[in-house]
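Everything on this sheet refers to the single structure shown next.
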Amino acid sequence: MSGISGINRINTTSPYLYGHIASGNRLMSAANGASELAVTEKMKAQVTGYNIGTKNLGAGSNLLNTSDSALGSITDSLQRIRELALRASNTATMNNSNRAEIQKEINQLKQGIEQTATQSTYNGIHVLNGSQSNGIQLVTSGDGTSITVNNSVNSTLEALGIADFDITKNFDLQAIDDAISKVSGNRSTLGAQSNALEHAVNYNDYASVNLTSSQSRMGDTDIAKKVQELTHQQTLQNVSLMLQKRKMEQQGQKTSGLFLFQ
């Protein structure tokens with residue numbers, strides 16, 4: 001019976017080795033190392049947190065790009081308004097009728113600015129109408145760390161101070177210059193926030209790679225070692241089977257001898 005018992009022990013051990021080799025995971029259960037399993041599971045959760053944080057930061061980057069693109073369009077319109085206002089201010093070539101015609105184009109440009117400011121959205125979030133006074137929170141990792149972006153960006157005509165701009169009444173170029181300065185300031189802020197997101201993504205990637213490497217060193221199977229163990233067990237199993245077979249043959253011969261003797 002000892003031979004059969006040895007075979008059974010080998011048979012119950014081999015499936016675990018096959019599992020370790022097939023999965024590449026040395027810590028398939030707490031029995032393989034309770035403390036190590038707890039540490040690797042914590043590392044795994046941290047890696048997941050960093051990876052999700054990177055996705056959140058990517059969405060934030062897209063949001064900032066959308067905002068900046070819309071602000072670029074507003075800047076172009078403001079520059080055109082300034083150009084028209086300068087032309088209209090030339091009293092030698094422009095009369096009230098000419099200015100009225102120019103104002104029509106300015107009104108169209110103002111309407112376009114207002115439409116861009118009030119209708120620019122990212123995933124349903126308005127990004128240029130001032131509604132995000134507290135900014136948009138982007139969770140950057142599993143521990144709840146966050147970055148605030150797109151806070152207090154307002155590019156409506158009222159916020160820019162040109163809702164009543166009319167060259168048929170005055171030539172307040174300073175109002176246009178101030179509006180251009182405000183939009184430029186918003187774009188600079190968004191640019192700085194975009195750089196902050198890029199640094200956060202780089203940190204997440206670095207942290208994720210290092211944690212994954214540590215987790216791998218602690219939890220991955222040493223394939224060569226496990227294959228060697230499996231080969232050793234298979235050899236023992238073959239030897240045990242051979243010995244068991246020989247023992248049974250010898251017992252059979254003894255039994256046959258007894259029958260002949262009788």
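The values are calculated or read from the model by the stated rules, or taken from the named source; none is laboratory data. From a predicted model like this one, the values you see are computed outputs, not experimental measurements. Every residue, glycine among them, receives a Cβ derived from its backbone with ideal geometry; neighbour counts consider all protein chains shown. What goes into the accessible areas is simple: the full protein's heavy atoms, side chains included, and nothing from ligands, DNA or RNA. Shrake-Rupley method; radii C 1.70, N 1.55, O 1.52, S 1.80 Å.
So the values come out like this:
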read-out: Filtered residue count, segment 77-103, keeping only those that are farther than 15 Å from residue 182 by Cβ, in a helix (DSSP H, G or I) and either in contact with a Ser or Thr (Cβ under 8 Å, 6 or more places away or on another chain) or not small (Gly, Ala, Ser) (or both); value: 12
read-out: Criterion violated by residue 107 - all others in (1) more than 22 Å from residue 76 (Cβ to Cβ); (2) open to solvent by 60 Å² or more (accessible area, probe 1.4 Å); (3) assigned to a helix (DSSP H, G or I) satisfied; value: (1)
read-out: Cross-chain or 6+ apart pairs with Cβ under 7 Å, segment 90-116 first and within 10 Å of residue 167 (Cα to Cα), then charged (D, E, K, R) and in a helix (DSSP H, G or I); value: 102/87
read-out: First in segment 124-153 and without any contact (Cβ under 8 Å) to a residue 12 or more places away in the chain, second anywhere and part of a loop (DSSP other than H, G, I, E, B), Cβ under 8 Å, 6 or more apart; value: 126/120; 126/132; 146/140
read-out: Cross-chain or 6+ apart pairs with Cβ under 8 Å, segment 168-180 first and farther than 12 Å from residue 84 by Cα and modelled with pLDDT of 90 or more, then part of a loop (DSSP other than H, G, I, E, B) and aliphatic (A, V, I, L, M); value: 175/162; 179/162
read-out: Test result for residue 63, out of contact with any Cys (no Cβ under 8 Å at 6 or more places or on another chain), open to solvent by 20 Å² or more (accessible area, probe 1.4 Å) and in a helix (DSSP H, G or I); value: no
read-out: Complete set of residues in segment 143-171 that are acidic (Asp, Glu) and open to solvent by 70 Å² or more (accessible area, probe 1.4 Å); value: 143, 158, 164
read-out: Complete set of residues in segment 125-147 that are part of a loop (DSSP other than H, G, I, E, B), closer than 27 Å to residue 204 by Cα and of a type outside the set (Asp, Glu); value: 127, 132, 134, 135, 140, 141, 142, 144, 145
